[in-house]
Structure formats: C-alpha cells, structure tokens
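Please treat every number below as a calculation from the coordinates, not as lab data. These numbers come from a predicted model, not from an experiment. A quick note on method: Cβ atoms are made from the backbone with ideal geometry, for glycine too, and the neighbour counts reach across all protein chains shown.
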Amino acid sequence: MKIILRQDMDSLGLEGDVVDVAKGYARNYLIPKGMALEANTQNIKLFETQKKKIEVKRLKAKEDAEKIGEQLADVTVTISQKAGEGDKLYGSVTRMDIAANLEQQGIVIDRKKINLEKPIKALGEFEVQVRLYPEVTGAIKVVVVPEE
C-alpha cells in the first residue's frame, strides 16, 4: 500500500516521501496515529503544494543537526559506576545514562539516537556514535570511571 509520510521516520523515510508498506501496517498503525496518509490523488496534490515548506524545514533541521554534531565533538561524558575485579562493572552504562549526562551538560538528545550496540560493561574510554539526522552523525567520548 502506498502512503505519504507526515513526519520523518528512521525506518521508512522523510516527511513527504511516498513509500510502499504493508496494508496492515499502514491501516492499523501509521494512518490512525497520524504518521501517514493514504497516497491518493487528493493527498498527493496537497503535499505537492507544501513541498517547498517541507524542503525548507528539512534544510533547517539538517543545519541544526550539523551544529549539534560540531558541539558533540568537544563533549566528554564521564560516568562513574561500581566496578569489580578486572575493571568490569557490576551494572552497565546504557543509552539512558549517556543521554541523562548529556542533558546535565545542556545538550538534549533523544536516547534512541545514540548508537550503542550493547551496553558498556567495563571501565575505560569509548567513542559512541550519535545519529542526529539521516545523513548527519556525531561522535561523543564516553569515559567510565570507578565509583568511589
């Protein structure tokens, strides 16, 4: 089923894109939640008239993401955790911990945009990628130190 996205979705595309998805996904999830519209001639014409606004919005969002990416290059996140023998942590450092520490530093990033394949379970320095916009990524330095 062809739909028009009303908002950016990482897995499908950007706002205004016409994509093909399963009928059940479109009818039961995307359309009722207001994330998409059925791609009929009337809705396509509606989005054609709004195309310039969408393009300007995309460019602004990309520029903002690039600025944040430059800020992240200088950011170091230091997290203290209880550690045992061999510098292994009793717990782990997750996306939520990193996002909370960034928020304390005045940088608000959704935890879902932090690319951490698996939680950090050891002391040391790690580089973590942050997906700010579909084509823009940044990297932050995460330092895990033992709690005293």
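Against the criterion of being touching a Gly at 6+ places or on another chain (Cβ under 7 Å) and of a type in the set (S, T, N, Q), residue 129 does not qualify. Residue check: residue 74 meets all listed conditions (1) within 26 Å of residue 8 (Cα to Cα); (2) exposed (fewer than 12 other Cβ atoms within 10 Å of the Cβ) but one, namely (1).
The set of residues in the range 123-140 that are touching a helix residue (DSSP H, G or I) at 6+ places or on another chain (Cβ under 9 Å) and surrounded by 13 or more Cβ atoms within 10 Å (Cβ to Cβ) comprises 123, 128, 130, 131, 132, 133, 134, 136, 137, 138, 139, 140. Applying the set (1) among the polar types (S, T, N, Q); (2) under 19 Å from the mean Cα position of the chain (by Cα); (3) surrounded by 12 or more Cβ atoms within 10 Å (Cβ to Cβ) to residue 50 leaves exactly one unmet item: (2).
Only strands (runs of 3 or more DSSP E) whose full extent lies in the range 43-148 are considered here, and the ones with at least 1 residues that are farther than 25 Å from residue 4 by Cα and of a type in the set (S, T, N, Q) are 76-81, 88-93, 124-133, 136-146. Of the listed requirements (1) within 21 Å of residue 131 (Cα to Cα); (2) surrounded by 12 or more Cβ atoms within 10 Å (Cβ to Cβ), residue 59 misses just one: (2).
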